[in-house]
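Every number in this text was worked out from the coordinates using simple rules, so none of it is lab data. All figures in this text were calculated on a predicted structure; none of them were measured in a lab. For neighbour counting, all protein chains shown are included, and Cβ atoms are generated from backbone atoms with ideal geometry for every residue, glycine included.
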């Protein structure tokens, strides 16, 4: 909307103006901006959800914004929530776990267990498995320096497992018998469990030892057993994957290599890494055991540093570039490596010009061998269709993080040039390159949070450039998910979202919550409610972030997010967040009404944005007529609780004057998508029947749309229309 268009915020516009703005916004979201195609629409699969959303549009309504806010003041009192253990980690612990000796005698009998195990022996994995065995609905990890005495029932999520990995000696010393009894009572109130992994050298009060509050983890499982379970798990989706895994496991070179780790304390973790390397090589069509063994030996714990430090200058720059851009095209990684060489090389004074290096001095095959990487050809979707592309990756994915950490800690003289190189990469025309550069900045921020925040992340957050603000949000993912700096990173994002902060910072905070919001969903949703109701029009950015969270969320979190959108549709009066300017004074009736209306518009826009933009990557199943459904329809088909909320959202959106026009358009898109898909038509019809069961008005709207879908000589979705009519008649 141009500056001449009139009103600057939702409350100053009529229902019709807001309805038109909503339609225009969704249309712009669907077709892209054209000038700056940042990132891709949200996508889903029936097992993997990808958090790339269209993030290029800051506003769908509103005019020029005056930047009158600044970052200052103290942080709020509320402590950041514990970090959520990822779904991928939970899946591996469920399906690729080898029980150590004596595991069947372990349990969290008193809601609390102190698991005594040396570091590197897999204590964290065992703790997670114990929590899952107890039926928790999710697992969260506490920061190492958490104050256990401050844990109370009101800070715990129901039926959640908590893990304190490698608990500090000071934390364990707090656990008197009185404190443990109190903690167990608080945990029991919310049906929670807490497991601490503690080094056996840490003293534990004798009273706790006698009451089954602690246990000793026996020796780690055998390396070959761990390798077998992990390799079969990683190859499970391949045709004849189990048979191929058994062939690999029977290979003499594999058996001899694993035998070398038999007496090592870290044999289980080494075997898990080896399984990943073998599976990656198999999938890449580059399975050469002798070469894999040779390359792995060069990066063992005792020689990784020697290997990296001995690389020649060009190979070291290529390794850093690949660590920043893992799994991207060879051309992009190579170009970025050349840029890094130029950035790191100081200019030569006039009169001291040296002969230019020979561009043919290094063969690609030799460089790849030197940096322990492989190239594989993969089909990649492009603007003009699927084309083959050469993708380069390390043989061991963990090398990326190790290389970046090595460069930052041992080569401090390169930091300024490295950060400058990453700033340039963060404005690359290719979205995945921008994301890789921002992620590398995040890795460095874990090492030196305040330094990187001051010189890179905060300037990005203050930038008028959309790509910079998106980079700042992505860069915060690593520190926000690292227990050592998570608290500082998340407190900073919280401060940025407050109404006293500059518009660009609030914009960045809205983006950042889309990446880190699942760690503390309550805080993220509260922040969104504040952001969309402020004077800055951040509806589009918030909608993008909510889409990202839905794509990444488990079912419980998805229900929470969708219920929050439905709650906003009821126009509630919400308290301002702690630390905001609005929290220091009473709102006027006009301000409260304006906030409610802005939040109402945001709720409809976010719901319909998710409904139209989140799609399955592939057909929903292997039926010949299967199509790639819209993501919310798939979620509704998988979970009755989610279906109920989505049905309620549709019922409300279809009849409200602000959302009606946009909602019927999105509903038609759903109908067209499932038209060839028999199962999809039934799922769609069932959802609409649920949505209309309590409202004759909603039923009338749906009947009107159904008539349009089957009208004319070339009807839009006649089969879908018949399925919906049959479902409505059956009610």
What angle do you read, to the nearest 10 degrees and between 0 and 90, between the alpha-carbon axis of helix 267-284 and the longest principal axis of the chain? 60
Roughly how tilted is helix 589-613, in degrees to the nearest 10 and between 0 and 90, from the longest Cα axis of the chain? 70
Please express the Cα-Cα pair-distance distribution P(r) of the chain as a list of whole percents, one per 10 Å bin, running from 0 to the bin with the greatest distance. 3, 13, 21, 24, 21, 13, 5, 1, 0
Just want to confirm a number: the relative contact order over the chain, from Cα pairs under 8 angstrom separated by 6+ residues, in percent. 15
May I ask for the equivalent-ellipsoid semi-axes of region 595-731, computed as the square root of five times each C-alpha gyration tensor eigenvalue and listed largest first in whole Å? 22, 18, 14
Here Rg/Rh (Cα, Kirkwood) for region 223-299 equals 0.94
Theoretical gain in end-to-end length, residue 695 to residue 411 [0.36 nm per residue, Cα-Cα removed]: 95.5 nm
DSSP bridge orientation in the chain - percent antiparallel, rounded to nearest 5: 45
In degrees, nearest 10, the alpha-carbon axis of helix 640-653 is tilted away from the dominant principal axis of the alpha carbons of the chain by 40
How high is the relative contact order of region 83-216, given as a whole-number percent (alpha carbon pairs under 8 Å, six or more residues apart)? 35
Taking a temperature of 20 °C and a viscosity of 1.002 mPa s, what whole-number D in µm²/s does Stokes-Einstein yield for region 415-474 with Rh from Kirkwood over alpha carbon pairs? 194
Please report the antiparallel percentage of DSSP beta bridges with both residues in region 83-216, rounded to the nearest 5. 10
Starting from the Cα gyration tensor of region 442-563, take the square roots of the eigenvalues, sort them a ≥ b ≥ c, and report rounded, prolate or oblate (rounded when a/c is under 1.5, otherwise prolate if a/b is larger than b/c, else oblate). oblate
Using only the Cα atoms of region 332-467, each taken as one equal point scatterer with no solvent, compute I(q) by the Debye sum, divide by I(0), and report log10 of the ratio at q = 0.12, 0.15, 0.17, 0.21 Å⁻¹. -0.63, -0.96, -1.17, -1.43
Got a sec? Which residues in region 426-455 would a label at residue 491 touch, if it sits 7 Å along Cα→Cβ and we count backbone N under 14 Å? 449-450
Given contacts defined as C-alpha pairs under 8 Å and at least six residues apart, what's the relative contact order of region 476-538, whole-number percent? 29
Under the helix-only model (-39500 (n - 2.57) for each DSSP H run of 4 or more, divided by the residues of the chain), the mean residue ellipticity at 222 nm, to 500 deg cm²/dmol, is -16500 deg cm²/dmol
Give the shape of region 484-554 as rounded, prolate or oblate, defined through the alpha-carbon gyration tensor: a ≥ b ≥ c are the square roots of its eigenvalues, a/c under 1.5 means rounded, and otherwise the shape is prolate if a/b is larger than b/c and oblate if not. oblate
Starting from the Cα gyration tensor of region 105-220, take the square roots of the eigenvalues, sort them a ≥ b ≥ c, and report rounded, prolate or oblate (rounded when a/c is under 1.5, otherwise prolate if a/b is larger than b/c, else oblate). rounded
Between residue 216 and residue 641, how high is the FRET efficiency from 1/(1 + (r/R0)^6) when r is the Cβ-Cβ distance and R₀ = 30 Å? Nearest 0.05. 0.15
